[in-house]
Amino acid sequence: MDTTLTANALMAEQDKRITETISQERGRLRNFIRRRVPDTNEAEDILQDVFFEYVEAYRLPEPIEQVGAWLFRVARNRIIDRFRKKREVALPEMPDEEEDGHWLDEVLPSADAGPEAAYARSVLQEELFAALEELPREQRDVFIAHELDGRSFKELAAEKNVAVNTLLARKRYAVLHLRARLQTIYDEFDL
């Protein structure tokens, strides 16, 4: 009988801690989700999912360290899940024929397509800049000059005293690396 009372007291204490945490974090977490999900009902569903997962995780033997950070990480994952693709769509190829084709215009969602697309665009841009740092300097320089600065290959070739085909090849290798690196992120969003 003492074991039953102890277990009940433990459950009551856990319930109290869970309730306190939910009360403390609800407002901040709701605001975090609402900034990223425009539909109020959907945002509330995500919030409830996060708290449901918290209750389940809290009851596990392993304690959650830094509960606030854990809740925000779970919320971010739920928001990303919302964008997750039903089917895989490969990132667009860089057209070989068009020397002045801009790959980023094809890959990044339009900034005018609403808050969901804007969020997807910001996540992809963060990953893009991280992936650019992984490129060899020559490939990175050509990619940035052409895609971000809008400079033509002819202009770059004259400036660097390098053949246009060499610059095209460098950009092609950069695009191949970036496409492979960003494919996972791209697959997570239903654009």
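The values are calculated or read from the model by the stated rules, or taken from the named source; none is laboratory data. Just so it is clear, the structure is predicted and the values come from calculations on it, not from any experiment. A quick note on method: Cβ atoms are made from the backbone with ideal geometry, for glycine too, and the neighbour counts reach across all protein chains shown. Ligands, DNA and RNA are excluded from the accessible area calculation, which covers all protein heavy atoms including side chains. Shrake-Rupley method; radii C 1.70, N 1.55, O 1.52, S 1.80 Å.
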Near pairs, Cβ below 6 angstrom, 6+ apart or cross-chain, from the range 142-162 (closer than 16 Å to Val175 by Cβ) to any residue that is open to solvent by 80 Å² or more (accessible area, probe 1.4 Å) and part of a loop (DSSP other than H, G, I, E, B): none
Residues located in the range 140-189, provided they are open to solvent by less than 60 Å² (accessible area, probe 1.4 Å) and hydroxyl-bearing (Ser, Thr, Tyr): Ser152, Thr166, Tyr186
Residues that are buried (at least 17 other Cβ atoms within 10 Å of the Cβ) and either out of contact with any helix residue (DSSP H, G or I) (no Cβ under 8 Å at 6 or more places or on another chain) or not basic (Lys, Arg) (or both), drawn from the range 25-57: Glu25, Leu29, Phe32, Ile33, Val37, Ala43, Ile46, Leu47, Val50, Phe51, Tyr54
Out of Arg76, Arg137, sole residue that is open to solvent by 90 Å² or more (accessible area, probe 1.4 Å), under 30 Å from Lys16 (Cβ atoms) and modelled with pLDDT of 85 or more: Arg76
Residues of the range 98-134 that turn out to be modelled with pLDDT of 70 or more, open to solvent by 40 Å² or more (accessible area, probe 1.4 Å) and of a type outside the set (Lys, Arg), as a count: 11
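Being assigned to a helix (DSSP H, G or I) and under 15 Å from Ile80 (Cα atoms) is the filter here; which residues of the range 32-43 pass it?
Phe32, Ile33, Arg34, Arg35, Arg36, Glu42, Ala43
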Any chance Pro95 is open to solvent by less than 60 Å² (accessible area, probe 1.4 Å), closer than 30 Å to Tyr173 by Cα, outside any helix (DSSP H, G or I) and at pLDDT below 65: yes
